[in-house]
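Taking it in order: structure first as structure tokens, then the write-up.
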Amino acid sequence: MKKFLLTLITAVTVFGLIACSNETTSDKEKENSGDGTTIRVVYKDETNSNPVSVKYFDELEKALEKDKDIKVNFELVDLPQGNYAEKLTLLLYGGDIPDMIYFQGGDQSLTQQGLLEDLTPYIEESKYLKDALSPYNQKRLENYPYLLWIKPLSAKTPVIRKDWFEQMETSEKLMADPTVENYHAFFKELVEKKPGGSTPNYAVTVAGDLEEINFTFNMAFGISQSWLEKSDGTYEYYKVSKNEKEKIAYYQKLYEDGLLDPQFVTKQWDTKEKAFYDGEAAVVSGTAGKVIDIYNGKMKQVNGDEAELVVLPPAKGIDQGFGVTDVTKESRGVAISSQSEHKELVFDILDYLASPEGQKLDRLGFEGEHYNVKDGEIEVTEKYYGEWYARFWEPTELTFDQPLKTPLLSGPATESQEMTIEYFKEDNSFILPEEYVANWDAMENLYREYTTDIITGKRPIDDFDKFVDAWMEAGGTQITEYANKTIK
């Protein structure tokens, strides 16, 4: 009876979404002025209140018409402030499904209801996108062909301003042998020596959880896969392993010694970055490549050229690296609504953005602001380094109609990207069946609750064992059994 009711509810939801989506599309068609097809886009941080977003899509309209004779009118769909994935889910389940959708979680339930388009046949027939895919993109699309996200490896690398780094006596030892002990000594010297005069207040900060610094420390504690192989040949999830317990004890020590931001739980990305630029925190982690480029540009703008960033190495121990790469699916990316009347057109736009002409806009920004053309060569500006980022694709191979006079990434950003490639390792994770998703969310909440309390001293480290028991009871036993049947 329960299965019947679940099936009935799902069917009603799907038909309701489809009906509402078709009605919305029809209404929008009536609004078209005749000089272009309206393509509705929902995309994190790209809103009608953001003048850069509005200008970007205006420029994209002009470029599509000039280069491809494609006439479109982009309509940005604004979401209420708050958690993007949650607000997007409310929009979509309310029946408003734009043509092009950027996801940062919450896509699987839509996929299972048939509301996202399988991109495989489009990519096979594409002119540019099929050649822009990296091997890990190809594997993710084979496993889950609904999200497209062509970006460099997204490991987060730790950085510190160079003028502070060079004042530390422990810097050289850290770079030569970045053990967790040497990291602790480096962090401690930063806080005690205070190279900023009265700052930093603490060595490292993060935006709300520990995933950012996990990229630095996980592998040092032997967390080299999502599912760790035990001595008997079976697998256990890393968050309930003895390796994780040892890492959490290390974080507890950082917190106790005043090296980890005491407000790390409530920090948001913007307050984290402000703490870094203002000198409250000495070290932050950012996505290798362009994010590090933006951090570097803003840090120099606020504190001078001598504050150029230094990329710190991954911690060394049982293993070393900036974490493992999940190839089960893209964790974020662009999808096309299966209910859109313009699926082919939307994909043509995405394909154009991988072309030399499309990349010129997406990667370089606006001529006269983010780059200039002098004597037939492209020269990017300081505003480019401090502000611009590609909204869509960043393939490894990049060609423009004119040569680049200046590099697109600063030295620290290039180094961060090279380091993530050097330490690349494929994960053994898998797509979790829908029947386990609700349990998994509850289990993740348990992890956050226990580990936060342990790190901040509200619980002793031995309570980690209580967390493991609670995790298993909440669904971990069944998921572990599934994992051991799935992992080859």
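Some values worked out for this structure:
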quantity: Count of residues meeting criterion [free of Cβ contacts under 8 Å to residues at least 60 places away in the same chain, closer than 16 Å to Lys247 by Cα and crowded, with 20+ Cβ neighbours inside 10 Å] in the range 176-192; calculated: 0
quantity: Glu181 vs. criteria out of contact with any Cys (no Cβ under 8 Å at 6 or more places or on another chain), in a helix (DSSP H, G or I) and among the acidic types (Asp, Glu); calculated: yes
quantity: Residue pairs meeting the criteria (Cβ under 6 Å; at least 6 apart or on separate chains; first closer than 27 Å to Asp305 by Cα, in the range 386-399; second of a type in the set (D, E, K, R) and open to solvent by less than 10 Å² (accessible area, probe 1.4 Å)); calculated: Ala390/Asp362
quantity: Residue in the range 468-488 that is in contact (Cβ under 8 Å) with a residue 60 or more places away in the chain, open to solvent by 60 Å² or more (accessible area, probe 1.4 Å) and charged (D, E, K, R) present; calculated: no
quantity: Check on Gly304, open to solvent by 10 Å² or more (accessible area, probe 1.4 Å), more than 30 Å from Val54 (Cα to Cα) and not polar (S, T, N, Q); calculated: yes
quantity: Boolean, Tyr450 is farther than 30 Å from Ala335 by Cβ and in contact with a Phe, Trp or Tyr (Cβ under 6 Å, 6 or more places away or on another chain); calculated: yes
quantity: Residues within the range 334-375 that are within 28 Å of Gln112 (Cα to Cα) and either among the hydroxyl-bearing types (Ser, Thr, Tyr) or part of a helix (DSSP H, G or I) (or both), tallied; calculated: 12
quantity: Residue tally, condition part of a loop (DSSP other than H, G, I, E, B), without any contact (Cβ under 8 Å) to a residue 60 or more places away in the chain and within 19 Å of Gly317 (Cβ to Cβ), over the range 232-271; calculated: 1
quantity: Residue that is surrounded by the most Cβ atoms within 10 Å (Cβ to Cβ), among those in the range 151-175 that are of a type in the set (A, V, I, L, M) and over 25 Å from Thr456 (Cα atoms); calculated: Ala155
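The values are calculated or read from the model by the stated rules, or taken from the named source; none is laboratory data. Here the structure is a predicted model, which means the values were calculated and not measured. Every residue, glycine among them, receives a Cβ derived from its backbone with ideal geometry; neighbour counts consider all protein chains shown. We work out accessible area using only protein heavy atoms, side chains counted, and drop any ligands, DNA or RNA first. Shrake-Rupley method; radii C 1.70, N 1.55, O 1.52, S 1.80 Å.
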